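As structure tokens, the structure follows; a few thoughts come after it.
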Amino acid sequence: MRKGFALVSVLIMLVVLMSLLTAYFTLTRIELGATQASVRQTTGFYAAEAGLNLRAEEVRARFLGYGRPSGTSPSGSNPCQGNNQGSGDFACKTYTISGRTVRTYMVEDQRNPQTVLIPPGELFENLEAQEYRYSLFSEAIGPDGRTEAVLELVFRSRLVPMFQFAAFYDKDLEILPGPTMTLNGRVHTNGDLYLNAGNTLTIEGQVSTAGRLYRGRKEVNSCGGTVSVRTAQGNDRTLACGSNSSRREYRQEDVAPWGGRIQVGVNRVTVPPPEELDPDPSKTYWQKADLRLALDLNDPQVQYKVYQVQGGNNIVNVVATQALTSEACAGAVGTSGGFFNWRERKRIRMLEVDLRKLLDCVHSNPAAFGFSLDDTTEGGLVFHFTVFGPDSGRVNNYGVRIKNGAEIASTLPGAPRPRGLTIVTDQAVYIQGDFNRTNWIPAAFLADSLNILSNAWADDSRSYRTLNERVASDTEVNAAFLAGTDITGDAEGPAGQDRGNYNGGLENYPRFHENWTGKTLTYRGSFVTLGTPRHVNGRWCGTGGSGTYNLNTNQINNLNGCNIYNPPNRNWFYDVRFSQGQLPPLSPRFVYLKQERFLREFERP
């Protein structure tokens with residue numbers, strides 16, 4: 001009987017053990033299934049999120065220049081199924097990410113676009129922007145065909161005119177003035193920012209850098225003068241040098257006392273490339289220009305040509321070209337080759353433009369040119385000047401000189417005044433004499449590099465003389481500038497530190513060619529640079545020097561030092577009218593995305 005009881009006990013224990021094992025395996029299977037489902041959902045979530053990021057980047061890229069997304073969204077019922085695919089930039093688009101099929105599409109807010117002021121507390125607060133609002137949807141489908149995640153991203157694409165900044169750089173920005181300087185506007189760089197002074201530098205606007213902030217010089221580890229930035233409370237607070245007058249780096253935590261008026265390490269904003277200035281039918285400024293005028297060095301028969309864009313090609317506008325070269329338009333355009341540029345060490349072949357005579361010519365021939373002087377299509381007139389020659393696409397000796405621009409208006413009775421004027425060239429531009437001094441209108445120069453000649457520049461024989469014989473006179477220029485600037489130390493970022501070859505800094509953004517000692521350049525505008533010049537490569541050399549140039553032998557004689565220029569007294573201020581809605585036509589803009597809402601709509605195990 002005891003044996004029978006023992007057997008029953010063993011059997012009961014076996015049943016209990018089997019039950020426990022069954023329960024264990026069942027729980028393990030459930031947990032494994034749940035884990036696998038969680039892994040699928042997590043992988044699907046990140047795949048769907050990557051799809052959102054890819055589409056958002058495509059949208060951002062579409063806004064470069066003056067483009068914007070176009071097309072139609074799929075309908076909200078079963079989007080991306082069958083023929084419900086939408087079109088253009090809003091259409092369904094499929095990616096393969098982490099083994100998942102990711103389907104995306106975009107929906108536009110019907111209120112687009114809206115002109116807004118960027119809210120207080122945000123980077124670029126109180127700047128005017130054109131804002132577009134979109135919703136992006138992304139669905140991740142697993143290998144088994146089941147939906148693993150559906151995400152929605154609502155974001156705003158903001159386009160901000162760069163001429164709302166006193167200085168805006170897409171590269172390292174160095175502000176190192178010798179005399180006292182006050183910048184009464186905002187400063188931003190997508191690179192590193194170096195602030196130094198021979199005397200005192202005061203920045204009254206917000207300062208932001210996507211890179212590092214340094215108090216001191218880039219080309220040498222030194223620091224001097226007094227540099228102040230205005231705080232949120234309206235006080236000018238000093239940025240101190242490092243020990244022993246060395247360069248000092250400021251991090252975001254170091255600039256907290258400025259109350260958000262200095263921002264370090266912000267996200268880079270996206271800017272159009274310098275190639276947007278090219279005379280190419282696909283490029284913004286050539287395509288949208290009212291007047292496209294070229295000096296054609298490849299055609300000795302017809303040197304000056306007016307172009308139109310037709311079917312994606314450059315076509316000579318024969319009627320406008322004939323009008324331009326008629327007796328009635330005599331002197332509006334010309335060419336010369338006698339200007340010797342000491343920085344480039346070469347003579348410059350110029351397309352010469354007498355601005356007022358050109359405006360007279362256009363007003364006298366409205367049918368030929370196809371626009372009137374008070375055109376408002378892009379906020380005013382856009383003139384694109386270029387030089388077509390064997391070296392147009394590389395470093396060359398070409399230039400465009402603008403004369404007689406003290407007042408931007410026709411001299412003819414009854415001619416309407418332009419609402420604004422933007423002058424564009426892919427080559428170097430030379431501004432000779434006062435520009436936009438009388439009866440101011442919004443104006444800008446967009447060029448490969450920017451040069452200023454004073455009112456004293458009578459003829460190019462001056463350029464052959466030693467520096468002390470090229471005496472400048474007081475001159476006034478009122479226009480925003482966008483042009484290339486050099487690189488200190490041959491490299492952007494810390495790699496260019498302590499290597500010499502200073503680029504001249506913001507204070508030498510305009511290139512001078514005269515002895516400005518004791519003379520004043522009055523300037524109201526904005527400084528923007530998107531990179532280095534593509535068609536000139538003469539380095540900033542410094543001031544002073546002597547020497548002469550022999551036109552007959554094409555030789556430089558008795559050169560001592562640089563012999564390029566001595567700097568002017570800089571009566572320079574940011575033109576606050578640009579921040580009050582009075583921007584030049586077709587002002588360049590940067591774009592950035594602002595996330596508004598991120599939703600995970602549903603998920604399926």
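The values are calculated or read from the model by the stated rules, or taken from the named source; none is laboratory data. Treat the numbers as computed from the prediction; the structure is a model and nothing was measured. Neighbour counts run over all protein chains shown; Cβ positions are idealised from the backbone, glycine included. Accessible surface is based on the protein model in full, side chains and every heavy atom, while ligands, DNA and RNA are left aside. Shrake-Rupley method; radii C 1.70, N 1.55, O 1.52, S 1.80 Å.
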Restricting attention to the range 405-503, which GluC sites (Glu not before Pro) occupy a DSSP loop and are surrounded by at most 12 other Cβ atoms within 10 Å?
-> none
Where q = 0.06, 0.08, 0.12 Å⁻¹, what log10 of I(q)/I(0) comes from the Debye formula for the chain, counting one point per Cα?
-> -0.41, -0.66, -1.24
How high is the relative contact order of the chain, in percent, with contacts defined as C-alpha pairs under 8 Å that are six or more residues apart?
-> 14 percent
Would you mind working out the accessible area per residue for the range 496-593, using a 1.4 Å probe, and quoting it in Å²?
-> 39 Å²
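For the chain, with all protein chains present and a 1.4 Å probe, just round the carbon and sulfur fraction of the accessible area to a whole percent.
Ligands and nucleic acids excluded, carbon and sulfur reach 49 percent.
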According to a simple spin-label model (label point 7 Å from Cα along Cα-to-Cβ), what is the distance in nm between residue 501 and residue 326?
-> 5.2 nm
Compute log10 of I(q)/I(0) for the range 97-140 with the Debye formula, placing one identical point scatterer on every Cα and leaving out solvent, at q = 0.28, 0.29, 0.32 Å⁻¹, to two decimals.
-> -0.94, -0.97, -1.04
Please work out, to two decimal places, the log10 of the ratio I(q)/I(0) at q = 0.15, 0.21, 0.22, 0.26 Å⁻¹ from a Debye calculation in which every Cα of the range 375-460 carries one identical scatterer.
-> -0.63, -1.07, -1.13, -1.32
Lys/Arg Cβ at +1, Asp/Glu Cβ at -1, dipole of the range 413-531 taken about the Cα centre: which of 421, 452, 500 is farthest positive-ward?
-> 421
Given charges of +1 on the Cβ of Lys and Arg and -1 on the Cβ of Asp and Glu, with all other atoms neutral, how large is the dipole of the range 224-320 about its Cα centre, in debye to the nearest 20?
-> 480 debye
Find the accessible area per residue for the range 129-221; the probe is 1.4 Å, ligands and nucleic acids are left out, and the unit is Å².
-> 22 Å²
Could you please report the charge total around residue 185, scoring K, R as +1 and D, E as -1 over all other residues with beta-carbon less than 12 angstrom from its beta-carbon?
-> +2
Projected area averaged over orientations for the range 70-221, convex hull of C-alpha atoms, nm² | 13.3 nm²
Listed highest first by mean packing, meaning other Cβ atoms within 10 Å per residue, what order do 447-460, 415-428 come in?
-> 415-428, 447-460
For the Cα atoms of the chain, what angle does the longest principal axis make with the long axis of helix 2-62, in degrees from 0 to 90, nearest 10?
-> 20 degrees
Using the heavy atoms of the protein chains and a 1.4 angstrom probe, tell me the accessible area per residue for the range 265-423 in square angstrom.
-> 40 Å²
Near-label residues of the range 333-368 by backbone N, under 20 Å of a point 7 Å along Cα→Cβ of residue 469 = 337-348
In degrees, nearest ten, helix 355-364 long axis to first principal axis of the chain (Cα) = 80 degrees
Debye, to nearest 20: dipole size of the range 322-413, +1 on Lys, Arg Cβ, -1 on Asp, Glu Cβ | 700 debye
Quick one: P(r) of the range 514-570 from all Cα-Cα pairs, 5 Å bins, percents rounded to integers, in order of increasing distance.
-> 4, 14, 14, 18, 22, 15, 8, 3, 0
Rg and Dmax of the range 265-366, using alpha carbons, in Å: what are they?
-> 16.8, 58
Cα centroid of the range 246-294 to Cα centroid of the range 129-150, whole Å | 30 Å
Using the 2.2 N^0.38 Å rule of thumb for compact globular proteins, work out how the range 191-240 stacks up: its C-alpha Rg over that value, please.
-> 1.13
For the chain, the charge dipole (Cβ of Lys, Arg +1; Cβ of Asp, Glu -1; about the Cα centre) points to a positive end, and the Cα of 132, 491, 334 closest to that extreme belongs to 491
